[in-house]
1. For Met80 and Ala24 in one chain, what is 0.36 nm times their gap in residues minus the Cα-Cα distance, to one decimal in nm?
2. Of the listed values (i) 63, 41, 33; (ii) 69, 48, 33; (iii) 53, 44, 27, identify the label whose number matches Cα extents along the principal axes in Å calculated from this model.
3. Note the full-extension length gain between Tyr108 and Asp9 as 0.36 nm times their separation in residues minus their Cα-Cα distance, in nm to one decimal.
4. From the helices alone, meaning DSSP H stretches of at least four residues, give me the mean residue ellipticity at 222 nm for the chain, per-run term -39500 (n - 2.57), in deg cm²/dmol to the nearest 500.
5. Skipping prolines and chain starts, which residues have an amide H placed within reach, meaning under 5 Å, of the one on Lys122, given they are 5 or more residues away or on another chain?
6. Which log10 I(q)/I(0) values, to two decimals, does region 1-94 give at q = 0.20 Å⁻¹ under the Debye formula with one point per Cα?
7. Can you find, among Tyr8, Gly71, Ala25, the residue sitting farthest towards the positive end of the charge dipole of region 1-79, where Lys and Arg contribute +1 and Asp and Glu -1 at Cβ?
8. Measure nothing fancy, just the Cα-based angle from helix 137-154's long axis to the longest principal axis of the chain, in degrees from 0 to 90, nearest 10.
Amino acid sequence: MKYVVKVYDAVLYGMAGVAAFLMAAMMVVITLDVILRNLGYQSSAHFFTFTEYALLIVPCMGAPWLAREKGHIYVEILLMSMSERMRARFTMLIGLICIAVCLVIAWYGFDVALRDYLQNEKDVRSLDMPRWMIVVWIPLSFLMMAVEFARFLWRREDFLTPLSELSST
C-alpha cells in the first residue's frame, strides 16, 4: 500500500510541476508572440494553439495538488455562524458532495476520452492532435480531486481550514 501512495503522490506532485512549467512556457510564448508582432514579423500559429491547450491542461494538472494544499476557494460566512458540531456535519456534507461531483465528472470525462480514442477523433487547429490526448486530463484531474477529498474525510480532517491556520494554532 505504501508503494501505491508513493506512486500516487509522485503523480500528483508531477502534475503540479507540469502545470507550473506550462504556465511559465505560456508566459514565454505569449511574450515572444507579442515581440515578434511588434517587430513586424509573423508569429507562429502554433503559439496560439499551444496556449489554448495549456489553458485547459494547467487547471487540470494543478487542481488535485491545490485540493491537497487546501488552496481551493470557499465562502465561510455561513460556516462562521454555525455551532462547532453543526459546522463539522456541514463540512462532512460538503466533502461528500465534492466527492460525488468529482466522480460524476470523472466518469463522463473518461467516457468522452475513451470514445475520442476509439473513434480516432482529431482536434484540427494549426496541428492535428488526437482529441483524447487533450481531454484525458479532465477525468484524471477530477478523479484525483475526489481521492483528495476522500482522504480529508477519512482522516476526519477539516479541509476547509487553510493549512496556514492549522500551523498557527
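1. Additional length available on full extension: 16.4 nm.
2. Of the labelled values, this structure produces (i).
3. 33.2 nm
4. -26000 deg cm²/dmol
5. Arg131
6. -0.96
7. Of the options given, the answer is Tyr8.
8. So the inclination is approximately 10 degrees.
Bear in mind these aren't lab numbers, they're just calculated from the coordinates by the rules spelled out. Just so it is clear, the model here is predicted, and its values are computed rather than measured. We place every Cβ from the backbone using ideal geometry, glycine too, and count neighbours over all the protein chains shown.
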